[in-house]
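**Student:** Once you've had a glance at the structure underneath, I'll fire off some questions.
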Amino acid sequence: MPATPQTRLEPQSAHWPDQQPHPITGEYGITITPRDELGILNFRVGTEQTIPIAKCFGTVLPATPNQFTVAGERMALWLSPDEYLLLLADADEAEFSRSAQALMSGQFFALNTVTDAFCIYEVSGDKVRQMLAKGISLDLHPVAFKPLSCAQTSLSHAAVTLICMSDNSFRLICRTSFSDYLESWLKDASIEFGYQLNRP
C-alpha cells in the first residue's frame, strides 16, 4: 500500500484575517494588540528584600496575592509569595537588570530576563470579558476581577497570565511557542463582536 503523503500544517492564525468587522454593524468590537515593545523579567526573592528592588524599579512590589502595581509602563505582578513578574520597556530592560543586580548584590535572589520566552497581547472592547470567558474559567465579572487584578490560568489549551488593566482592557502573557495558537483563538472568539488586530 503506498504511503499517504504528509500534509504541511499551516499556522492556525493564517486562517483568520487581521480584521473582521461585525457581520451586521460593520464595527470592530474587540481590539487585539501585540505588545512586542515590552520586556519581561522573572524576579524571585524573600518578601523582606523587596524594598531595594522597588526603589530601582520605580514602584513597590505587590504584597497582596493576584495583584499588580504600576508606574507608567512598568508593572510588577504577584505570582507567588516569593515570585514576581516585572514588565518594562524592552529598551530599558538591560540597564534595569544591571542596576538591580548591583543593588541586590550579597542577597539571596534571582532575576532572569524571560522576554524571548513569552509574548504579550492586549485585548480591549466593551465585550472583552464576554469574549475571554469563552476560554477562561475564572470569574471575570467586574466585581470579582477588577483593575489591578492578575492571575495565572488557562485560556483554552494555553497557560496564560491574565492582567486586568481596566474594566474593558486586559493583557495576556503566554509562552512564545503558543503565540500563534493564542492569536488564532482570540480572533476566533471575537468574530461575533467584530475584531481588528493592530500589529506593530
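**Student:** Just to be sure, is residue 101 farther than 19 Å from residue 200 by Cβ, modelled with pLDDT under 90 and not in a helix (DSSP H, G or I)? Give the steps one after another, and end with the answer.
**Tutor:** Working: farther than 19 Å from residue 200 by Cβ: yes; modelled with pLDDT under 90: yes; not in a helix (DSSP H, G or I): no.
Criteria not met by residue 101.
**Student:** Give me the pairs: first residue in the range 48-66 and without any contact (Cβ under 8 Å) to a residue 24 or more places away in the chain and more than 11 Å from residue 100 (Cα to Cα), second residue of a type in the set (Phe, Trp, Tyr) and surrounded by fewer than 14 Cβ atoms within 10 Å (Cβ to Cβ), beta-carbon distance under 8 Å, and six or more apart or on different chains, which are they?
**Tutor:** Final answer for the pair search is none.
**Student:** What about residue 144, is it more than 23 Å from residue 168 (Cα to Cα) and either touching a residue at least 40 places away in the same chain (Cβ under 8 Å) or among the hydrophobic types (A, V, I, L, M, F, W, C) (or both)? Can you show your working first?
**Tutor:** Details: more than 23 Å from residue 168 (Cα to Cα): no; either touching a residue at least 40 places away in the same chain (Cβ under 8 Å) or among the hydrophobic types (A, V, I, L, M, F, W, C) (or both): yes.
In short, no.
**Student:** While we're here: Condition first: of a type in the set (S, T, N, Q), open to solvent by less than 30 Å² (accessible area, probe 1.4 Å) and assigned to a helix (DSSP H, G or I). Can you find one or more residues in the range 78-85 that meet it?
**Tutor:** no
**Student:** Identify the single condition in (1) part of a loop (DSSP other than H, G, I, E, B); (2) more than 14 Å from residue 32 (Cα to Cα); (3) among the acidic types (Asp, Glu) that residue 126 does not satisfy, given that it satisfies every other one.
**Tutor:** With respect to (1) part of a loop (DSSP other than H, G, I, E, B); (2) more than 14 Å from residue 32 (Cα to Cα); (3) among the acidic types (Asp, Glu), residue 126 is out only on (2).
**Student:** Mind counting the residues in the range 129-173 that are basic (Lys, Arg), loosely packed, with under 15 Cβ neighbours inside 10 Å and either closer than 26 Å to residue 39 by Cα or within 11 Å of the chain's Cα centre (by Cα) (or both)?
**Tutor:** Just the residues of the range 129-173 that are basic (Lys, Arg), to begin with: 129, 134, 146, 171.
Right, trim to loosely packed, with under 15 Cβ neighbours inside 10 Å and you get 134, 146.
In the following step, the residues that additionally are either closer than 26 Å to residue 39 by Cα or within 11 Å of the chain's Cα centre (by Cα) (or both) were identified as 146.
Final tally of qualifying residues: 1.
**Student:** Restricting attention to the range 20-70, which residues are closer than 22 Å to residue 132 by Cβ, within 21 Å of the chain's Cα centre (by Cα) and assigned to a strand (DSSP E or B)?
**Tutor:** 30, 31, 32, 33, 34, 38, 40, 67, 68, 70
**Student:** Does any residue of the range 3-13 turn out to be in a helix (DSSP H, G or I) and at pLDDT below 90? Explain how you work it out, then say what you get.
**Tutor:** First, pick out the residues of the range 3-13 that are in a helix (DSSP H, G or I): 12-13.
Next, from what is left, pick out any that are at pLDDT below 90: 12-13.
Yes, the conditions are met somewhere in the range 3-13.
**Student:** In the range 174-191, what residues are acidic (Asp, Glu) and surrounded by fewer than 16 Cβ atoms within 10 Å (Cβ to Cβ)?
**Tutor:** Taking the range 174-191 and keeping what is acidic (Asp, Glu), we get 180, 183, 188.
180 - this is the single residue of the range 174-191 that is acidic (Asp, Glu) and surrounded by fewer than 16 Cβ atoms within 10 Å (Cβ to Cβ).
**Student:** Those residues that are within 11 Å of residue 20 (Cβ to Cβ) and in contact with a strand residue (DSSP E or B) (Cβ under 8 Å, 6 or more places away or on another chain), I need them from the range 162-198; list them, please.
**Tutor:** Initially, the range 162-198 is screened for residues within 11 Å of residue 20 (Cβ to Cβ), giving 187-188, 190-197.
If the condition is that a residue be within 11 Å of residue 20 (Cβ to Cβ) and in contact with a strand residue (DSSP E or B) (Cβ under 8 Å, 6 or more places away or on another chain), then 187, 190, 191, 193, 194, 195, 196, 197 are the ones that fit.
**Student:** Let me ask you something else. Would you check which residues across the range 84-107 are over 15 Å from residue 45 (Cα atoms) and of a type in the set (Phe, Trp, Tyr) and list them?
**Tutor:** 96
**Student:** Further, regarding this structure: Hey, can you tell me all the residues within the range 86-109 that are surrounded by 12 or more Cβ atoms within 10 Å (Cβ to Cβ) and charged (D, E, K, R)?
**Tutor:** Our first condition is that a residue be surrounded by 12 or more Cβ atoms within 10 Å (Cβ to Cβ); within the range 86-109, this holds for 86-90, 92-93, 96-97, 99-101, 103-104, 107, 109.
Correct list: 90, 92, 93.
The values are calculated or read from the model by the stated rules, or taken from the named source; none is laboratory data. Just so you know, these numbers come straight off a predicted model, no measurement behind them. Virtual Cβ from ideal backbone geometry, glycine too; neighbours counted across all protein chains shown. Ligands, DNA and RNA are excluded from the accessible area calculation, which covers all protein heavy atoms including side chains. Shrake-Rupley method; radii C 1.70, N 1.55, O 1.52, S 1.80 Å.
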